[in-house]
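Taking it in order: structure first as structure tokens, then the write-up.
The values are calculated or read from the model by the stated rules, or taken from the named source; none is laboratory data. Remember, predicted model here, so these are calculated numbers, not experimental data. FYI the Cβ positions are ideal-geometry reconstructions off the backbone, even for glycines, and counts take in every protein chain you see. Areas reflect the complete protein model, heavy atoms only, side chains present, ligands, DNA and RNA absent. Shrake-Rupley method; radii C 1.70, N 1.55, O 1.52, S 1.80 Å.
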Amino acid sequence: MSALTIRSLPVVALVGALSLAHAAEPEAAQPGQELFLERCGGCHLEGGFGTRVLARRVPEGQAELQKRAVLPAALITLVVRRGLGSMPQIREAELSDADLAAIAAYLEQRP
Amino acid sequence: MIAIDTARLEQALTRIEAIVGAQYVWREEEARHGYKDAMAPRDPMSYAPRGAVAPASVEEVQAIVRVAGELGVALWPISRGKNFGYGGAAPHISDVVMLDLVRMNRILEVNVDMGYAVVEPGVGFDDLHNHLVENNIPLWISAPAHTWGSVLGNALERGVGYTPYGEHASKVCGLEIVTGTGELLRTGMGALEGAKTWQLFPYGFGPSWDAAFMQSNFGVATKMGLWLMPEPEHTLNLAMAFDRPEDLPLGVEALRPLKLDGTVQANPSFGNIIRNLSVRAPRSEYYQGEGPIPAEVLEQARIKSGVGHWNFSIRLFGDKAVNRINAEKVKRAFAHLPYEFDVSEWHRGEPLKGSGSPTPTLAALGVVDWLGGPGGHLTFSPVSPFTGAEAWEQYTTIRAMYEEAGFDYYGGFTAGQRYLNHISMILFNRNDEDMMARANRLFSDLIEVAAARGWGEYRTHTLYYDQIARSYDYNNGALRRWNETVKDAVDPHGIIAPGKMGIWPRRYREVRA
Ligand SMILES: Cc1cc2nc3c(=O)[nH]c(=O)nc-3n(C[C@H](O)[C@H](O)[C@H](O)COP(=O)(O)OP(=O)(O)OC[C@H]3O[C@@H](n4cnc5c(N)ncnc54)[C@H](O)[C@@H]3O)c2cc1C
């Protein structure tokens, strides 16, 4: 019997966006970028549900968070923790404050 | 209701901090924002919790339960809390501390030869899928329409997927449970120390308890065995769209014999036009008026979008030769209908997209933006007998009620072997008070009308546990009373998810009486 006892490390949460990550972003990974792709990429990359919903609300070209001209870290933090519109909140047990800060810093610097 | 006074809550949370570390405990405002259900037609803060804790191990769960029992502080377990349309991460009452198991996210075992996995509560469908793919394990998950949720949480709620293993509750084999007194028990064969068949033989010796821990508040599940389907050699999909609402009964009748004799093993779902349109574009693209979209407008939208009034696909999983024979049988069964199947095939080794293996997706959640406001949803899910006549009666009754209340009817019938899960969703704007009031009224009325016709719900939103529990009223609610008798015995302090599925511990019943 080949019972594989695999994984004693925590499994990463949320959508297999890592594969998308490699396709979309050939440049060297920035802090927060990988986390963004992994944790937010399920909705907030091109064609994602979040991007589509945002496209109905923000100026053209601004729906994809990575392409947003101005995206203050404080706003990202608030929206993630409180939820906004169609986006449910993401709680600290799922996404630590440190990871959220890294994602927010990455998005604030973009593009 | 039993309020937790602030001093006692603080005492409990301080002791819990000593168990898990202060960074995994949240209080009042912070907990309420983390665990509210913003998508319900209710002020989300009105039933958001007082605190939350996220343990990392079974031992921590046990220790927390003991503290809670000692201090009489109720806990509300969740796995990933993505129970959208049924309450999200929120509890039923606010005077609880969330027991958030999302950090317990290990895939403990995948047994390839025997086709099962053992998972902790925090393991998501995506995680399990990715794990199987990355390790070239030839087993497939079955998943709901979106894959954000927990494999364990969804199965405990008796969630539904779309492969031959789609009736998730029936694929559970063995649970590990922390009881209301903090003891650890294993169900089925797991009750035997060193058992070799815990995930293989589901029944055990004596009464079987897996089912009793589903949709229940008898304990906290910390591990689950789940059978996984061996990757098939081939899948064959037969997609069909009906132009007219009134073709539903014909489709149901054609499908039943194929489900009953096992020709079709997966759970095809007849989804109505709004279910289809809502993931493509917001409603305003089709109609800007108030009230439900008029039939003529809907018909124009249907033609323009090239979709059916009912859309479904029957996917066959297995050996190519067998699938092809079965496909002919399916075609014959539907031959009297004036539509053609759109047929596609997948062979092992080809990319999984289009195979029927659920790949990670959140696309289905797009429905919440149907009305363009901050969207909300409330899912009403009665079970129908698997007959055309009953499905039709249920559909016409429920659709008429949706429309009378001013809502578009969004719904579908997912086929079990002898039943149909009729899943409908009230979609509303959360900034429209009147619409939210109508959504609540409609939901209550639906429960009443359905019960009067002999239809009960398979699952429901936390807000409606009590009303639905009351609708299961045979012999003066004998089953509810039985559940409460069991509850009092297995959770003597009355601390695990009080009120879940309308099952209240004694101390809460006494306060209410
Ligand atoms: C558009 C849309 C489509 C959907 N499609 C589907 C679908 O196809 N099929 C389907 O089944 N659902 C569907 N859902 C509903 C829901 O989102 C999923 O079922 C989701 O998987 C449930 O969330 P979860 O798995 O994170 O469970 P959780 O939210 O973690 O758990 C659900 C409940 O189970 C209990 N529970 C959880 N864990 C434990 C535990 N360890 N011990 C004791 N009790 C526990 C708790 O009462 C908890 O509230 C859909 C929702 C939407 C909005």
Residue list for region B:102-148, restricted to those being within 9 Å of another protein chain (Cβ to nearest Cβ) and of a type in the set (Gly, Ala, Ser):
B:Gly122, B:Gly124
The residue that is least open to solvent (accessible area, probe 1.4 Å), considering only those in region B:112-122 that are away from the ligand (no atom under 14 Å from the Cβ) and assigned to a loop (DSSP other than H, G, I, E, B), is B:Gly115
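Every residue, every condition in (1) within 14 Å of another protein chain (Cβ to nearest Cβ); (2) within 17 Å of B:Leu255 (Cα to Cα), yes or no:
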position: B:Val297; (1), (2): no, no
position: B:Leu316; (1), (2): no, yes
position: B:Trp346; (1), (2): no, no
position: B:Trp370; (1), (2): yes, no
Any residue in region B:348-356 that is within 16 Å of the ligand (Cβ to nearest atom), within 14 Å of another protein chain (Cβ to nearest Cβ) and more than 21 Å from B:Ile273 (Cα to Cα)?
no
Here are some conditions: (1) surrounded by fewer than 23 Cβ atoms within 10 Å (Cβ to Cβ); (2) more than 12 Å from every other protein chain (Cβ to nearest Cβ); (3) in a loop (DSSP other than H, G, I, E, B). B:Glu59 meets all but one. Which one does it not meet?
(3)
Are there strands (runs of 3 or more DSSP E) fully within region B:136-252 with at least 3 residues that are more than 16 Å from the ligand (Cβ to nearest atom) and open to solvent by less than 40 Å² (accessible area, probe 1.4 Å)? List them.
B:234-242
The lone condition B:Arg459 fails out of (1) without any contact (Cβ under 8 Å) to a residue 24 or more places away in the chain; (2) within 13 Å of the ligand (Cβ to nearest atom); (3) basic (Lys, Arg) is (1)
Only one residue in B:Lys304, B:Lys353 is open to solvent by 80 Å² or more (accessible area, probe 1.4 Å), closer than 28 Å to B:Pro144 by Cα and free of Cβ contacts under 8 Å to residues at least 60 places away in the same chain. Which one?
B:Lys353
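Quick one: is B:Ala391 away from the ligand (no atom under 16 Å from the Cβ) and open to solvent by less than 20 Å² (accessible area, probe 1.4 Å)?
yes
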Return the residue satisfying two criteria in turn: it lies in region B:71-85 and is closer than 13 Å to B:Pro498 by Cα and more than 6 Å from the ligand (Cβ to nearest atom), and of such residues it is farthest from the chain's Cα centre (by Cα).
B:Gly72
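For region B:265-302: of the residues being among the aliphatic types (A, V, I, L, M) and part of a loop (DSSP other than H, G, I, E, B), which is farthest from B:Tyr402 (Cα to Cα)?
If we take residues in region B:265-302 being among the aliphatic types (A, V, I, L, M) and part of a loop (DSSP other than H, G, I, E, B), then B:Ala266 is farthest from B:Tyr402 (Cα to Cα).
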Some residue of region B:86-100 being away from the ligand (no atom under 13 Å from the Cβ) and either surrounded by fewer than 22 Cβ atoms within 10 Å (Cβ to Cβ) or of a type in the set (Phe, Trp, Tyr) (or both):
yes
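Just checking, which of B:Asn431, B:Asn421 is surrounded by fewer than 23 Cβ atoms within 10 Å (Cβ to Cβ) and assigned to a loop (DSSP other than H, G, I, E, B)? Before the answer, list the steps.
On the way: B:Asn421 fails: assigned to a loop (DSSP other than H, G, I, E, B).
After ruling out the rest, the residue left standing is B:Asn431.
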Quick one: is A:Gly47 over 30 Å from B:Leu99 (Cα atoms), outside any helix (DSSP H, G or I) and within 12 Å of chain B (Cβ to nearest Cβ)?
yes
Quick check on A:Ala24: is it modelled with pLDDT of 95 or more and small (Gly, Ala, Ser)?
no
Those residues that are within 13 Å of chain A (Cβ to nearest Cβ) and either open to solvent by less than 50 Å² (accessible area, probe 1.4 Å) or among the basic types (Lys, Arg) (or both), I need them from region B:16-34; list them, please.
B:Val20, B:Gly21, B:Val25, B:Trp26, B:Arg27, B:Ala31, B:Arg32, B:His33, B:Gly34
Selection count, region B:123-135, where residues are under 18 Å from B:Leu362 (Cα atoms) and more than 9 Å from the ligand (Cβ to nearest atom)
6
Spot the failing condition for B:Gly262; the list is (1) in contact with a helix residue (DSSP H, G or I) (Cβ under 8 Å, 6 or more places away or on another chain); (2) within 30 Å of B:Ser170 (Cβ to Cβ); (3) surrounded by fewer than 19 Cβ atoms within 10 Å (Cβ to Cβ), and only one is missed.
(1)
